[in-house]
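The values are calculated or read from the model by the stated rules, or taken from the named source; none is laboratory data. All values derive from a computational prediction rather than experimental measurement. Cβ atoms come from the backbone with ideal geometry, glycine included; neighbour counts cover every protein chain shown.
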């Protein structure tokens, strides 16, 4: 759905327009939020954040905010910012530790936190790079590697033949590998 299509539908039926945007972009928003909050939030936190993202999207359009270009980019930006706010808030919550814990477990817990933080940073960079691939490559990579969908299933989402999806995914992976090498990141 494009910005223009959404605007036209919004003028005729607000509920239908919001439902259409929600149905089309739910998976996209969920992946962004899940990757940002997966290490510190519960499923309820992720679901709440996704809901808040769509509330912000609908509220911004109701304010007649001027948006140029792609609605997906607008939604992605809101999702990333909202997930970052949640991440900061959830990361500040106090962690309770039992007095009976021995120091060995405490050190391993600190190592786990550092490892999770590094993994989250790599995930953030990965999503940023995937988004930089552009469409439809970004959608193909997310559907294939985040949702474990095959080329036939992805062809129902992206209007391409399964063979084209396989070829585009191979080329997109090569681009990602080059982007990672350019940033001196190894996985």
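Could you tell me which residue of the stretch 94-138 is modelled with the highest pLDDT, considering only residues that are outside any helix (DSSP H, G or I) and surrounded by 14 or more Cβ atoms within 10 Å (Cβ to Cβ)? Even if it seems obvious, please write down each step before you answer.
If we filter the stretch 94-138 for residues that are outside any helix (DSSP H, G or I), which is where we start, we get 94-102, 133-136.
Next, from what is left, pick out any that are surrounded by 14 or more Cβ atoms within 10 Å (Cβ to Cβ): 133, 136.
Working: 133: 83, 136: 86.
Step by step, filter the stretch 94-138, then rank; the result is 136.
Just one of the numbered conditions (1) more than 25 Å from residue 137 (Cβ to Cβ); (2) within 14 Å of the chain's Cα centre (by Cα); (3) modelled with pLDDT under 85 is not true of residue 38; which one?
The failed condition is (1).
Looking at 32, 67, 55, 75 in this structure, which one is closer than 20 Å to residue 119 by Cα and either outside any helix (DSSP H, G or I) or modelled with pLDDT of 85 or more (or both)? Break it down stepwise before answering.
Values: 67 fails: closer than 20 Å to residue 119 by Cα; 55 fails: closer than 20 Å to residue 119 by Cα; 75 fails: closer than 20 Å to residue 119 by Cα.
Being closer than 20 Å to residue 119 by Cα and either outside any helix (DSSP H, G or I) or modelled with pLDDT of 85 or more (or both) holds for just one of 32, 67, 55, 75, which is 32.
Surrounded by fewer than 20 Cβ atoms within 10 Å (Cβ to Cβ), at pLDDT 80 or above, assigned by TED's automatic domain parsing to the domain that holds residue 5 and under 19 Å from residue 147 (Cα atoms): does that describe residue 18? Walk me through it before giving the result.
Working: surrounded by fewer than 20 Cβ atoms within 10 Å (Cβ to Cβ): yes; at pLDDT 80 or above: yes; assigned by TED's automatic domain parsing to the domain that holds residue 5: yes; under 19 Å from residue 147 (Cα atoms): no.
Answer is no for this residue.
Do you know which residues across the stretch 148-187 are loosely packed, with under 14 Cβ neighbours inside 10 Å, part of a loop (DSSP other than H, G, I, E, B) and touching a helix residue (DSSP H, G or I) at 6+ places or on another chain (Cβ under 9 Å)?
Within the stretch 148-187, 150, 161, 183, 185, 186, 187 meet the criteria.
All but one of (1) at pLDDT below 85; (2) closer than 15 Å to residue 74 by Cβ; (3) assigned to a helix (DSSP H, G or I) hold for residue 1, so report the exception by its number.
Condition not satisfied by residue 1: (3).
Go through the stretch 47-62 and give me each residue that's under 21 Å from residue 147 (Cβ atoms) and buried (at least 19 other Cβ atoms within 10 Å of the Cβ). Working first, answer last.
We begin by selecting, within the stretch 47-62, every residue under 21 Å from residue 147 (Cβ atoms); these are 47, 49-51, 53-54.
49, 50, 53, 54, listed by residue number.
Any idea which of (1) over 20 Å from the mean Cα position of the chain (by Cα); (2) modelled with pLDDT under 85 is the one residue 171 doesn't satisfy?
Answer for residue 171: the failing condition is (2).
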